[in-house]
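First the structure, in the form of structure tokens, and then the observations on it.
Bear in mind that the values in this text are calculations on the coordinates, not laboratory data. Keep in mind the model is a prediction, meaning the values are calculated, not measured. Every residue, glycine among them, receives a Cβ derived from its backbone with ideal geometry; neighbour counts consider all protein chains shown.
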Amino acid sequence: MKQFQAPKRPPVTPLPKALWRLGTHRFRKEEDGVMVGFSVFLIIMMIMIGGIGADIMLAEMRRTQLQHTLDRAILAAADLDQTRPAETVVADYFDKAGVAHTLNEVTVSQSLNHRSVSATAEIESNLVYSTVGRDLKTLRESPEQPSSGIYTSAEVQELEARLPARTSLTIGASGTAEERIGNIEISMVLDVSGSMGNNSRLSNLKVAAKEFVQTMDDTTEDDTMSISIVPYSAQVSTPDEVMAALQTQGENPVANCLNFDAADYNTNSISPTQTYDRTLHFTWSSSEYDNRSNNSVVNDSYIDCRQESSRELALMQNDTQALKTYIDSFFAKGNTSIDTGMKWGTALLDPSFQPVVSSMIDSTDGDTGTISNVFEGRPYDYGSNESLKIVVLMSDGQNTRQHFVTENYRYDDSNVWYNAQEDFYSIYLGEDEWDDDNDGIYNEPIYFWPSQYKYKDHAYGEGSYETTETVNSDVCRSYRRNGSCKRYYKIKKTVTVNEPGEAKVLSYADLWAYTTPKYVADNIYGPLMGESAARNEWYYPVVDDVGYGTKDARTRSVCEAAKEQGVIVYAIGFEAPDAARVVLKDCASSDSHYFDVQGLEIRDAFAAIATSIRQLRLIQ
């Protein structure tokens, strides 16, 4: 009997395996749908990059807002006029901006003329559009990184799980604001012409200028600020010490002013090595008078170079009370020369003036010079950052006429001689070619004595003359009882008499200082030449002037020269006419440096300038 056996599994045919291999081979070769996969990959990458960019833009916007809040806060806190504690001011700004929680630290440093405020803040900006995944930098720097530098999928997942997800970015802001009043050189160029006496202008100016000086003193450290004041009308007068330190030609017995040429206004320099013409003392009026007999110079409203001490500029002072007293002494008189005022105002800031300043400083411990020895070395060099140079220019009117004695009547000796004892003028005419004195001599000098209408060979007081006098003889006419002579017989005798006094030749500067040009023409030369001819030679051509058009151009030139050197120019038109406003506005450093004011508004203008000078600077 056969044993029963289970049926055997039939052998697998090779067809299904072959088909599998064929299918996978075809799958590898199939290219349909490849671009779809790559496109999906690109889209995912674009979304990721776009999300990151959006989050970065949002973070930057928040950082900018935070930085602006911080900047405003520290600027306000650093203001030297700020009376609240700096920390309180900064915190208040952050609180009102709704970001008080972001403020970290406020640091304050200050002294009398300086305040610096620094602050830092931080804010978290949430990541809305991107996860920025994990901190991949930390992952790369993990000590568990394999030597091959390649992680398996499982290792990446394990390490990534340990790292915290970044859901926000930390944004910081910081800054420092500083207000510092360092070395300052200020020139106040102030109009004191005749029109300033109208409508209480001069009174209002005095109040405003004194407040400005006091404000600047209160907000600057001792010995860091020098103030020069240039009161100007038709001319600018200077102290004797300034004139002594300069090279000049011409004379003025009572006041010190300079005449400038057109080219002088192209620079700010008044150099001690250049020769300048002094303004002679004279009147340009049509008055006819002579003050020589009482030894008094001509004095009227038509004197350009004023002799009063209150018209002399104040150079580099730091005594606030003395400056305020000086301002109170101003008076209104004369024409207007904005160009000359600016020339002096800018010259007092120009480094070329250093030798003049040094000559006015007492280098000893006594410090008794006209200028304090703490200002040695001023005016500082341009561009050295040692000093801030400021001009404050004020005028209530436009340029008018400025007068001068012409070239032919300025220098050396005139032809006029004067005998002070006898108050007697003589005119030298040269050689006696026609024997005008009728003495038969031709090769001698000839003079004319206008008060006697006589020609003589000498000036009165330099010669002698013969005269017949009646004198007693030696013969007695009658006797007294005691035998003495009671009366002598009279006889006539010719005697030689020296002319009394002494004649001295007058320089042109001396002639005009005591005598008006019209008097010289009519009373000294008129008897010799006739009135018309005398005026044509000795009155009309003696004095000339510079007109307002030329002076406007000169003002613009000297202002531009100052601004090119970094001098800051503030200009105030004080109830000024349109023509003056144009010139003043052109002179100012910018439109914002020009002030057009009326009445008491001039105080606001000076106050605004004082604040602007102390303007804040964001230094970090």
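Here are some notes:
- Interchain or long-range residues, amide H under 5 Å from GLY463's placed H: GLU499
- Approximating the spin labels as points 7 Å out from Cα along Cα→Cβ, the SER309-to-SER532 distance works out to 5.1 nm.
- Taking θ as phi - 60° and the Karplus parameters 6.51, -1.76 and 1.60, the scalar couplings of segment 321-333 work out to 5, 5, 5, 5, 5, 4, 4, 4, 7, 5, 9, 9, 6 Hz in sequence order, x denoting glycine and proline.
- Cβ-derived FRET efficiency at R0 25 Å, ASP95 paired with SER612, nearest 0.05: 0.25
- Residues GLU251 and ASP474, FRET efficiency given R0 of 56 Å [Cβ-Cβ distance, rounded to 0.05]: 0.50
- Couplings for segment 452-457, taken from phi via the Karplus curve 6.51 cos²θ - 1.76 cosθ + 1.60 with θ = phi - 60°, read 10, 6, 10, 9, 9, 8 Hz in order; Gly and Pro are left as x.
- Environment charge of SER478, counting only residues whose C-beta is closer than 10 Å and scoring Lys/Arg +1, Asp/Glu -1: +4
- Here the Karplus curve 6.51 cos²θ - 1.76 cosθ + 1.60, taken at θ = phi - 60°, turns the phi angles of segment 377-383 into couplings of x, 8, x, 5, 5, 5, x Hz, with x standing for Gly and Pro.
- Cα gyration tensor shape of segment 490-620, rounded if a/c is under 1.5, else prolate or oblate by comparing a/b with b/c: prolate
- Local net charge near ALA332, Cβ-Cβ under 14 Å (Lys/Arg +1, Asp/Glu -1): 0
- Taken as Cα centroids, segment 205-233 and segment 366-397 sit 12 Å apart, rounded to the nearest whole angstrom.
- Cβ crowding within 10 Å averaged over residues, with 452-464, 477-489, 394-406 ranked highest first: 394-406, 452-464, 477-489
- Among 199-210, 581-592, sorting by the average number of other beta carbon atoms lying within 10 angstrom of each residue, highest first, gives 199-210, 581-592.
- Computed label-point distance, nm, for sites TYR411 and GLN452 using a 7 Å Cα→Cβ extension: 3.6
- Proximal charge balance of ASP522 [Cβ under 11 Å; K/R count +1, D/E count -1]: -1
- Sorting the Cα pairs of segment 403-556 by distance into bins of 5 Å, from 0 upward, gives 2, 8, 12, 15, 13, 10, 8, 6, 6, 5, 5, 3, 2, 2, 1, 1, 1, 1, 0, 0 percent per bin.
- Rounded to the nearest 0.05, the FRET efficiency derived from the C-beta distance between GLU87 and LYS206 at R0 = 45 Å is 0.65.
- Flagged links, alpha-carbon separation over 21 Å, of LYS551/LYS585; LYS454/LYS492; LYS456/LYS504: LYS454/LYS492
- Packing order of peptides 272-279, 414-421, highest average first: 414-421, 272-279 (average count of other Cβ atoms within 10 Å over each peptide's residues).
- Extension reserve of the LYS585-SER109 stretch, reckoned as 0.36 nm per residue once the Cα distance is removed: 167.5 nm
- Figure legend: label point modelled 7 angstrom from the Cα of SER359 along Cα→Cβ; residues of segment 210-238 with amide N under 14 Å from it are 238.
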